[in-house]
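Worksheet: the structure to be examined is printed underneath.
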Amino acid sequence: MKKWFRTGKPWIWLTAGSVSISLVAVIGLVIMIGWRGLSFFWPSAIHEMDVKQADGGTKHIIGEIYDSEIVPTTRLPQSMVELAEIESETITRYLMKIGNREYVPLDFTWVLESLVTEDTTPADLAVIERSKDGNFYGRITAITEQGNVIARQGDADFRELLFERVERAVELNEQAMGLQESEIASVNYAMGELELERRRLQLEDELTDQAVAYLQEQREKLQQDYQVYEEQLFDLREQAQRDTLLVKDFRGEEVTVPMYRVLDVNFPNDMGFFAKVGHFFQQIGKFVSEDPREANTEGGVFPAIFGTVFMVLLMSVIVTPFGVVAAVYLHEYAGKNSITKLIRIAVINLAGVPSIVYGVFGLGFFVYMVGGSLDQVFYPEALPNPTFGTPGVLWSAVTLAILTLPVVIVSTEEGLSRIPSTLREGSLALGATKWETIWRIIIPMASPAIMTGLILAVARAAGEVAPLMLVGVVKSAPMLPVDGNFPYFHLDRKFMHLGFHIYDVGFQSPNVEAARPLVYATSFLLITVIVGLNLTAISVRNHLREKYRSLEH
Amino acid sequence: MATQSAQQLSANRTRLFKDRFARYGVTAGGIMVLVALLLIFFYLLYVVQPIFESVSLKKVNEFNLPQAQQVEAVGMEEQAEIGYRFLQSGKLEFFALIDKNERQAGEILLSEQFADADKISSFAKTLPVNKQYVYGLNDGKAVVVEPKFNVTFPETASTSATDRVERIITPRFEVKNDGQPLVIDEQQRALQKLAYETDGDGMLFAAAVDGSTLLITHFVAEENFMTGAVTLTPNYTEIPLNSAIDDIVVTPDLRQVMVRRENRVHIFDISISGEVSERDLLPMRKGELGNATGMYLLAGASSILLTHDTGLVSQWFEVPGDEGRQYQYIRQFDAGSPVTDVEVEYYRRTFYTLSENGELNIFHTTSEADLYQGKPAEVDVERVMVDPRANYLLMKTASGYSLFDVDNEHPEVTWSGIWQEVWYEGYPEPDYTWQSTSGSDDFESKFSLVPISFGTIKAAAYAMLFAVPIGLAAAVYTAYFMSPSVRKFVKPTVEIMEALPTVILGFLAGLWLAPLVEAYLPGFIAILILIPTSIIAMAAIWSQMPTNIKSKVNDGRASLLLIPVVLLMGWLSFEISPWIEQVLFDGDARRFITNELGVTFDQRNSLVVGIAMGFAVIPTIFSIAEDAVFSVPKHLSNGSLALGATPWQTLTKVVLLTASPGIFSAVMMGLGRAVGETMIVLMATGNTPIMDWNIFEGMRTLSANIAVEMPESEVGSSHYRILFLAAFVLFIFTFFFNTIAEFVRQRLRDKYSSM
């Protein structure tokens, strides 16, 4: 045994073990996030339970089993242990999501397994997704139209009618929403522009009576439009308020749920496997395409996806030329002198400077200094309200462009160094100038490497949060940075970001428990994007290496 | 032919021009990288730099006022357009400070006589914040005056067109108690010395009568519910003292009166009902400081300033001790020559002293900063007052009045204040404290970067403790022992690990790992022991395996073989955790740690941060170290093996030694990353700025501090600049580590290429 130790074998195995630990950690982490993120979309069964109470009675609850854990008996209050007649050292308890937020103090409750006297999953239990107050669990007993019951539970085509009415309400809501977000928003935007125009004319001393009259006329026109839209909006809302649902909740009381709040009604206990799969994908679709609700703790993440993508694209446009030019300089032009060495040290340091420092720099330099100056020169009419002198998507993109510059440089340079020098020499020998060689021969050949660098930069930027918290990201942006109002791209606007969304929902939201699955789902989405981008980059790079290896021979 | 060659020539010329143009363009682009780094460096420095500047005074205006006998006090409003002075003769005069519209500087705008000159026996003023002045009369009465200013923006035909409204400030005054003098002494003795304060409703007067008798008169304000009229009910107390009273001050909360008789300072407490009790007698350090000559209150009214005939000014404040809170000598300032008058600022702990030699001194107490000394107007300074925003200084000099622009934005910040212990008001001892904001107005920000720098180092240290062994061991194995086919899969996996957004790691650490660690603490300790031993056990078992199985899975694939072992042991650790907890920690590890070991336990602690941030740092260390080990020339290791060394001997004696600079640089890079990491620390700790290595407590790091406080700091304030300083420190930290690492790596690369 001693001899065996002396061969060093155990130590080799220990080093091997640390590789295994790393692998287990990475893969385990990704699988866990994936599992937790995706299981959020799977329709879970609704339980109806009778739970024994301390006063001898029982409590009736309806809800989803959200989580379960095993706790040592010693951590529970003594009275509860006696009530539950626990003899083992540990016991399972369930976290139940019981919804119905307006009727209970907390929409989550812990239930000890041994206190449950009855547990069933009846098929007629419905989960009603609502635009306010979260989910509602109960039995739908009737549908009313303007206060009159038109169908009751048990009627032949009750569910068809239910779904039809829900669809109608959702559609009306969508129309109202669309009206609000496009037509009315654009009228508001135009009004704001008119006010700025007036202010601008005033500052330039060109506010003639004619101009005043023109502005007034425009404003009246807009106001008329607004009134028309407003009437339409009220009409739509009124229509949506026509129907209500009568639902019997966990207390056995019949309560009304107004239909215009209902987003979806499901009977998960009554779903077959394929129905569940369908529902799963439908939920994922909703998640990526809908706006968040209830302070980001419910609904989708569409604005965050949009914001992330838009910012990253903007960043790519900025970072690519700079990164490529710097790499070309370092590899093709730079001599072996101290400036080159300094630039290399600068590249390494740009890669190593903590991202928050970029955030601080971006806030001070880009936002306050550059942005503030831009405002004074180009947007004096809006002052003292800042236009570019406040955090926004443009500054975020610029800040992240500096942050990711080294990634593009390093990757491009690697690509350049893999191009055999015979190609350069051949081109030069045929009479091409150095620039022509680079432009026509080298850069096209290095383009996959540039692509790799760009992909890696995008992946890095998509996951970066700390600097963005200072230079432009917000928890909830009322308007996307791109819309139908001229000039269509609003680079001064603040935006939402997936990474920040995770931080915000996970740590700043009022109801962390309810939001947690959403955070896992968002994390999974972000990881999928980033891992996907990285894998693409890696495969492009490997492919490239193979290609050049064959060129060398 | 000729034309063709000419054409070719010109075409060539354009091509050459383009070539040269491109060369310059690309060179400029390359240098841009350097410029970007320098820009960050210098911009951060540019923002930070003003906090270390000393005070500068710039003369704005100079004017003369009608001659007056003796000026008791001067003051001005916050726009520094109008000033006022109280004369000993009982007169208040408002005057213009600058030429504006029809007003000329020095023009008297309003004046009022409050009492006959021969009836006035004393004068007192409140702290600048309360802005009230009192004349004490020789019949035991007092007149309280408050100068006031009306600010209006009258709209005229000319202003509405341009949207620029002229601001007009007009002075007025208010005599308290509906213009009637207040009776301070029922026996109508002359008020020889007077002190006065108000908390808005109540008023507290302290006066010396008959030389050595202290009179404390407390007016309690009562509002009539029906009419809303306020009636003042006086409460008289008389305390005879042994010798003549020199100075009296009253705190604005109306709870304390301090009386100085030569070198003794008595502290009297006033209860809410108005009862007076003597609390304390300050032990003067006469030998050290010299004879006391005056006594003043500092803004915030927690500190007393005493002037001494040696030219020193000493600061005293209450310090919690065994016998409750007691006044204690804190620190001293040297004005060079005996101080005749002290003026304090409205909100900050800055004070201005006038010396016998006519010099003005500006000090800041907490930062112990000596900000200015000299005669700004080149003549002796007689009276001085600062405006509420501390932007202007009004000075009465021997030759007239002058108005100065004061540039004193950040008196509270000094280099020593940031990095050394500072004794803040009300603290038992000097300490490193970071506390940037609070709800109250007279709160003093405490900017010590020591606790958050400490937090940064603590977080980085725990992360490295976790990451260095795993990262380096994994790198060595992957580069040296692993079979190429496995390596092809392992390297990208680790690269993916590096790409995982830290916000996700932070979120998992805070919401998943932290509760898990809390619930299964013994399990986590068990992992530390179980996994290494089980790995060695596995190795031993494998070495006993029949050769035909062993040869199928050689050492190069051991890490794949060990994955199930790691998983199993991890699972086992969690399973036995409650059991260990029962046996060793009485069923609750957390309670055991808190009660038995006396160690504070936070849910979001350094252990969690160490694991999560270690996870983020492992790939950095791994990939650089792996590169270094992998590129050790093969002939070195082959030679060693050929000479009969075992693979392990070759590794430790040859390969690692050769690659050691690369490994060092990997650790440096990892450290750089750990130091600057923001989101993980932000989410996985409680962000409390404490200084303690305890692994079960959290910390606050420089980066998390910036992320938390930057959005709410006011642009240009000391707080804003200090946060930039924190960023600058981080920048320098990482610059240092990265540059060393890169330098070492370059050297190594050269060494390999020569081998």
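Coordinate-derived values only; no laboratory data. Computed from a predicted structure; not experimentally measured. Quick reminder, even Gly has a Cβ in these numbers, built from the backbone with ideal geometry, and neighbours come from all protein chains shown.
The table for this structure:
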{"quantity": "For chain A: relative contact order, % (alpha-carbon pairs under 8 angstrom, 6 or more apart)", "calculated": "15 percent"}
{"quantity": "Inter-part distance where the range B:29-104 and the range B:131-148 are each reduced to a Cα centre, Å", "calculated": "30 Å"}
{"quantity": "Distance from the range A:91-139 to the range B:290-349 (C-alpha centre basis), Å", "calculated": "65 Å"}
{"quantity": "Average partner coverage of B:33-45, which counts Cβ from other chains inside 10 Å", "calculated": "6"}
{"quantity": "Options B:Leu394, A:Leu76, B:Phe95, ranked by Cα towards positive dipole end of the protein assembly as shown, top entry (Cβ charges)", "calculated": "A:Leu76"}
{"quantity": "Dipole magnitude (debye, nearest 20) for the range B:26-164, charges at Cβ of Lys, Arg, Asp, Glu", "calculated": "320 debye"}
{"quantity": "Rounded to the nearest 20 debye, dipole of the range A:306-497 from Cβ charges on Lys, Arg, Asp, Glu", "calculated": "440 debye"}
{"quantity": "Taking A:Ser338, B:Ser713 and counting other C-beta atoms within 10 Å, the order from fewest to most", "calculated": "A:Ser338, B:Ser713"}
{"quantity": "DSSP-loop GluC sites (Glu not before Pro) across the range A:160-263, with at most 11 other Cβ within 10 angstrom", "calculated": "A:Glu204, A:Glu206, A:Glu253"}
{"quantity": "The range B:1-158 - Rg and Dmax from Cα coordinates, angstrom", "calculated": "34.6, 120"}
{"quantity": "Residue among B:Ser448, B:Val422, B:Gln373 farthest towards the positive dipole end of the range B:363-501, charges placed on Cβ", "calculated": "B:Ser448"}
{"quantity": "Rotationally averaged projected area of the range B:450-752 (alpha carbon convex hull; nm²)", "calculated": "18.7 nm²"}
{"quantity": "Rounded Å value of the spacing that divides the Cα centres of the range A:154-176 and the range A:494-553", "calculated": "38 Å"}
{"quantity": "Dmax and Rg, reported as Rg then Dmax, of the range B:357-410 (C-alpha, Å)", "calculated": "11.3, 34"}
{"quantity": "Nitroxide proxy distance, nm - points 7 Å out along Cα→Cβ at B:Gln649 and B:Lys552", "calculated": "3.3 nm"}
{"quantity": "Estimated translational D of the protein assembly as shown in µm²/s (Stokes, Kirkwood radius over Cα pairs; 37 °C; 0.692 mPa s)", "calculated": "88 µm²/s"}
{"quantity": "Relative contact order for chain B, counting Cα pairs under 8 Å that sit 6 or more residues apart, in percent", "calculated": "10 percent"}
{"quantity": "Other protein chain Cβ atoms within 10 Å, averaged over every residue that makes up A:429-435", "calculated": "4"}
{"quantity": "Residues of the range A:432-464 with amide N under 15 Å of a point placed 7 Å along Cα→Cβ from A:Val288", "calculated": "none"}
{"quantity": "Radius 10 Å from Cβ of A:Pro303, net charge of other residues (Lys, Arg +1; Asp, Glu -1)", "calculated": "-2"}
{"quantity": "Helix-only mean residue ellipticity at 222 nm for the protein assembly as shown, each DSSP H run of n ≥ 4 adding -39500 (n - 2.57), per residue, nearest 500", "calculated": "-15000 deg cm²/dmol"}
{"quantity": "Residues listed by number, the range B:20-39, amide nitrogen under 19 Å from A:Val377 label point at 7 Å toward C-beta", "calculated": "none"}
{"quantity": "Kirkwood Rh, Cα atoms: Rg over Rh of the range B:284-374", "calculated": "0.97"}
{"quantity": "DSSP-loop GluC sites (Glu not before Pro) across the range B:515-602, with at most 13 other Cβ within 10 angstrom", "calculated": "B:Glu596"}
{"quantity": "Per-pair calculated FRET efficiency, R0 = 41 Å: B:Val583 and A:Leu535 via Cβ, rounded to 0.05", "calculated": "0.30"}
{"quantity": "Loop-resident sites, the range B:37-121, for GluC sites (Glu not before Pro), counting at most 15 other Cβ within 10 Å (DSSP)", "calculated": "B:Glu53, B:Glu78, B:Glu102, B:Glu107"}
{"quantity": "Equivalent ellipsoid dimensions for the range A:306-497 as semi-axes, Å, which come from the Cα gyration tensor, largest first", "calculated": "36, 17, 16"}
{"quantity": "Rough spin-label spacing in nm, given labels placed 7 Å along Cα→Cβ, for B:Val183 and B:Leu528", "calculated": "7.8 nm"}
{"quantity": "Partner chain coverage, peptide B:728-735 - average Cβ within 10 angstrom", "calculated": "4"}
{"quantity": "Fully extended contour minus Cα-Cα distance, from A:Glu69 to A:Ser182, at 0.36 nm per residue", "calculated": "36.0 nm"}
{"quantity": "Within the range A:136-266: Cβ-based charge dipole about Cα centre, in debye rounded to nearest 20 (Lys, Arg +1; Asp, Glu -1)", "calculated": "760 debye"}
{"quantity": "Packing-based exposure ordering (other Cβ within 10 Å, fewest first) of B:Asp341, B:Asp555, B:Asp118", "calculated": "B:Asp118, B:Asp341, B:Asp555"}
{"quantity": "Within chain B, longest stretch free of exposed chymotrypsin sites (Phe, Trp or Tyr not before Pro) [DSSP loop, at most 14 other beta carbons within 10 Å]", "calculated": "B:444-692"}
{"quantity": "Longest site-free stretch - chain A; sites: chymotrypsin sites (Phe, Trp or Tyr not before Pro), DSSP loop, at most 16 other Cβ within 10 Å", "calculated": "A:104-487"}
{"quantity": "Where labels lie 7 Å past Cα in the beta-carbon direction, separation of B:Glu62 and B:Glu222 in nm", "calculated": "5.7 nm"}
{"quantity": "Whole-number D in µm²/s for chain B (Stokes-Einstein; Kirkwood sum over Cα pairs; 4 °C, 1.567 mPa s)", "calculated": "40 µm²/s"}
{"quantity": "Dimensionless Rg/Rh of chain A - Kirkwood Rh, Rg from C-alpha atoms", "calculated": "1.07"}
{"quantity": "Charge-dipole axis of the range A:136-266 as Lys and Arg at +1 and Asp and Glu at -1 on Cβ define it, positive-most pick from A:Leu245, A:Leu207, A:Leu179", "calculated": "A:Leu245"}
{"quantity": "Relative exposure of A:Glu464, B:Glu495, judged by other C-beta atoms within 10 Å (fewest first)", "calculated": "B:Glu495, A:Glu464"}
{"quantity": "Nonlocal amide H pairs with B:Ser56, under 5 Å, H built at 1.01 Å", "calculated": "B:Asp407"}
